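In what follows, a structure is listed as structure tokens, so that the remarks can point back to it.
Bear in mind that the values in this text are calculations on the coordinates, not laboratory data. Note that this is a predicted model, so its numbers are computed, not measured.
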Amino acid sequence: MGQLLTMFVTILIAELGDKTQLATLLFAAERTSPPWKVFVASAGALVLGAGISVAIGAFGGRWLEHAPVKLIAGLGFLAIGAWSILQHFRGA
């Protein structure tokens, strides 16, 4: 039970105020969909993302030990940020 609590608290703290939570807040604020639909879509996406992460970690653990995961993640965040900035200036 101790490991489960540690994982829960760590992930909860890591997720607070991140871009996913902000995106969910913005979708709910648009009021084009009922709040329960925003919640279901957001929760489903988070569960699916966690499942994919667990599967990759479980099956690719040996390879991931040698991969520059932080570098790859950082480049991914930069790409998403650049795309978001481009979309902003395009007016999308």
* Would you mind computing Rg(Cα) / (2.2 N^0.38 Å) for the chain, counting N as its residues? => 1.34
* **Size descriptor, Kirkwood hydrodynamic radius, that averages inverse alpha-carbon separations across the range 47-92, Å** => 12.6
* To do: Please give the length that would be gained between residue 31 and residue 87 if that part of the chain were fully extended, namely 0.36 nm times their separation in residues minus their C-alpha to C-alpha distance (nm, one decimal).
  => 18.0 nm
